[in-house]
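Each remark here refers to the structure printed beneath this line.
The values are calculated or read from the model by the stated rules, or taken from the named source; none is laboratory data. As the structure is a computational prediction, the values presented were derived from the model and not from experiment. In this analysis, Cβ positions are derived from the backbone assuming ideal geometry, glycine residues included, and neighbour counts consider all displayed protein chains. Heavy atoms of the whole protein, side chains included, go into the accessibility calculation; ligands, DNA and RNA do not. Shrake-Rupley method; radii C 1.70, N 1.55, O 1.52, S 1.80 Å.
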Amino acid sequence: MSPSPAPSPTHAPAWLDRSAPAGAAWAPLSVLASDDLDETRDQIARIFKPHDLAVIGPRQRVRARMHHRALGPSVSLNRLAHGAAVRIDPDRLDDFFLVQMPLAGEAAVWHQNARHLSAVGEATVISPQDAVRMEWSCHCDQFMLRIDRQRLLHVAAAISGSEPAATLRLAPRLDLRQGSGAHWWQLMHYLAALLQPGGEHPSTGLHTAMLEDHVLAMLLRVAWAPATVSRAPASATVPRLRQLEDHIEAHLDQPLTVADLARAVNSSVRLVQQLFARERGTTPMAHIRRLRLERVRHDLLHPGPDTRVLQTAARWGFEHPGRFAAAYQQAYGESPSATLARSR
C-alpha cells in the first residue's frame, strides 16, 4: 500500500502545523495541558514511560501540551511541547522505538555514544536498547511516532528473511529534506491527514495492520541496514566513520569535499558516502552543512560586541548570503539576524 503524495507545505495537516492544534475538535486527542511539572511528567509517562524531567534555567516554567492518537496497536502519533527548556532522562526506552521530528525549536539527543542535534527538517530515531537523554529548547514542539519494539523486530525479520533478532539498532538521525528521509516525511503528511480530527481512520483491523506495516517497513528502509540487526559487535566500519566525523569537526572552518574526507581516512569516496548513508541517514556534505549551521547558531546565541551575521556565516564557510539565510531559516524557524538580536 503506497501513501498519497505529501500535501504542499503551505497546506500541512494540523498535526504538522507549527501552530499548536487548537479548537474543540482537538479536545478528544488532548492528553495534557498543564503548567505543573509533576503533572506534566506523569501524564507524558502514561503514553511513553517513567522518566526524570527537569526545567533548565531559574526563570523557566512548563506550559505543556500534548495530543495523542493511536494508528493501531503498534504505532501512535503524538504532538508534544513543554513550553520551557527541559532536560529529559528516560534511561532506555525498552519497549518502543521513538521517532522525533521538530516542528519548531530544537532538541539535543545523547544516544548511541554521540550527541545529535535536530531542528526543523531533521529527525532523531531512538532505539530502545540504548540509554538516551535529551534537552529540548524552550520553543521545541515535536511530532513523534511511538513504535512497538517487538512488532518492528518481526517486520525486520520478514524483510531480511531471518529469525527475529534480539535487538535492532536504527540510524539515529534522518534528514527529512532530501533522499529517503523526504519520502518518510511524505508518509508523515499522509498519516497526519488521515488521523486528524475529521479524518477517516482506517475502518478495519486489517486495514490498520496493513498501514502500520507500511509505516514500519518505510522506517526500516530509511534508517536500517540488515547488517545492523545482530548480537555481534558493531561493524568494523564504525571506527572509520568516527574518524571521519572527528576530521570534519576539526576542519569545519576550512574547505571540505568528499574527496578530502576520503583521503583523510585512506578510503574511497564511495565508501565515505555509503558510511554516512547507512549509519547517519544523510550525505557527507549535508552532515557538514548541518554542523556549520550549528556553529553559526552557537556564535549568534553567544555574541561578542563585534559579532555580525555575515562575518559569522563566512567564518563557517557560508559564502552566499541568500542561500545561508534560507538554510538557517529552514533549520531554526527564524532568521539569523533575529537570533542575534534576541541574544543581545
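Please find, in a Gaussian network model of the chain (springs between Cα atoms separated by less than 10 Å), the residue of Thr124, Thr167, Thr282 whose mean-square fluctuation is greatest.
Fluctuation is largest for Thr167.
First select every other residue whose beta carbon is under 15 angstrom from the beta carbon of Lys49; then total the charges, Lys and Arg +1, Asp and Glu -1. Walk me through the numbers before you get to the answer.
On the way: positive: Arg41, Arg46, Arg92, Arg133, Arg146, Arg149; negative: Asp42, Asp52, Asp89, Asp91, Asp94, Asp95, Asp130, Asp148.
The answer is -2.
What FRET efficiency comes out for Ala24 versus Asn266 if R0 is 41 angstrom and r is the Cβ-Cβ distance? Round to the nearest 0.05. Spell out each step's value before the answer.
Values: r = 63 Å, r/R0 = 1.53.
It comes to 0.05.
Under a crude label model (7 Å from the Cα following the beta-carbon direction), how far is Arg63 from Asp253 in nanometres?
3.9
Give me the number: length gained by fully extending Ala209 to Asp306, i.e. 0.36 nm times residue separation minus the C-alpha to C-alpha distance, one decimal in nm.
The Ala209-Asp306 span can extend by a further 29.1 nm.
Quick check: Cα centre of region 22-75 to Cα centre of region 132-184, how many Å?
Here the two parts' Cα centres lie 21 Å apart.
Determine ³J(HN,Hα), in whole Hz, for all residues of region 60-67 in sequence, where each value follows from phi through the Karplus function 6.51 cos²θ - 1.76 cosθ + 1.60 and θ = phi - 60°; x replaces Gly and Pro.
For region 60-67, the Karplus-derived couplings read 8, 8, 5, 9, 8, 9, 8, 10 Hz, x marking Gly and Pro.
Each label point is 7 Å from the Cα along the Cα-to-Cβ direction; what then is the distance between the points at Gln150 and Asp246, in nm?
Placing both labels 7 Å beyond Cα along the Cβ direction yields 4.2 nm.
With a 1.4 Å probe and all protein chains kept in place, how much accessible area does Arg278 have, in Å² rounded to the nearest 10?
Probe radius 1.4 Å; accessible area of Arg278 about 80 Å².
State whether the chain is rounded, prolate or oblate according to the following rule on the C-alpha gyration tensor (a ≥ b ≥ c being the square roots of its eigenvalues): a/c under 1.5 gives rounded; otherwise a/b larger than b/c gives prolate, and the remaining case gives oblate.
Working: a/c = 1.63, a/b = 1.14, b/c = 1.43.
Here the chain falls in the oblate category.
Can you give the accessible area per residue of region 64-138, in Å², using a 1.4 Å probe?
Working: 2060 Å² over 75 residues.
About 28 Å² of surface per residue is accessible.
About the Cα centre of the chain, what is the dipole size in debye to 20, counting +1 per Lys and Arg Cβ and -1 per Asp and Glu Cβ, all else neutral? Intermediate results must be reported in sequence, preceding the final value.
Working: 38 positive and 33 negative charges, 115 e Å.
Roughly 560 debye for the chain.
What shape does region 1-120 have by the C-alpha gyration tensor, where a ≥ b ≥ c are the square roots of the eigenvalues, rounded means a/c under 1.5, and otherwise prolate means a/b greater than b/c and oblate the rest? Walk me through the intermediate numbers first.
Numbers: a/c = 1.44, a/b = 1.26, b/c = 1.14.
It comes out rounded by the Cα gyration axes.
Which residue fluctuates the most in the chain, going by a Gaussian network model with Cα springs under 10 Å, if the choices are Ala156, Ala24, Ala209?
Looking only at Ala156, Ala24, Ala209, the biggest GNM fluctuation is shown by Ala24.
For the chain, what is the calculated [θ] at 222 nm in deg cm²/dmol (nearest 500), taking -39500 (n - 2.57) for each run of four or more DSSP H residues and dividing by its residue count?
Working: 11 runs with 135 residues, N = 344.
After summing the helix terms and dividing by residue count, I get -12500 deg cm²/dmol.
For Ala286, what is the net charge nearby, where nearby means another residue's Cβ is under 12 Å from its Cβ and Lys, Arg count +1, Asp, Glu -1? Walk me through the intermediate numbers first.
Numbers: positive: Arg173, Arg177, Arg280, Arg289, Arg290, Arg292; negative: Glu122, Asp175.
Spelling it out: positives minus negatives among the neighbours equals +4.
Pick out, from Met210, Ala84, Gln186, the residue whose Cα sits farthest towards the positive end of the charge dipole of region 64-217, with +1 on the Cβ of Lys and Arg and -1 on the Cβ of Asp and Glu.
Of Met210, Ala84, Gln186, it is Ala84.
Which residue fluctuates most in the GNM of the chain (Cα springs below 10 Å): Arg289, Arg133, Arg323?
Arg323
Along region 291-303, what does the Karplus equation 6.51 cos²θ - 1.76 cosθ + 1.60 (θ = phi - 60°) give for ³J(HN,Hα), rounded to whole Hz, x for Gly and Pro?
The phi angles translate into 5, 5, 4, 4, 5, 4, 4, 4, 5, 6, 7, 10, x Hz.
Given axes a ≥ b ≥ c from the Cα gyration tensor, I'd like to know whether region 90-172 is rounded (a/c under 1.5), prolate (a/b larger than b/c) or oblate.
It comes out prolate by the Cα gyration axes.
List residues of region 259-298, by number, whose backbone nitrogen lies under 19 Å from a label position 7 Å along Cα→C-beta of Arg344.
Counting backbone N atoms under 19 Å from the label point, the list is 296-298.
Whose amide H sits under 5 Å from the amide H of Leu32, counting only residues 5 or more places off or on another chain, with H placed in the peptide plane?
The answer is Met66.
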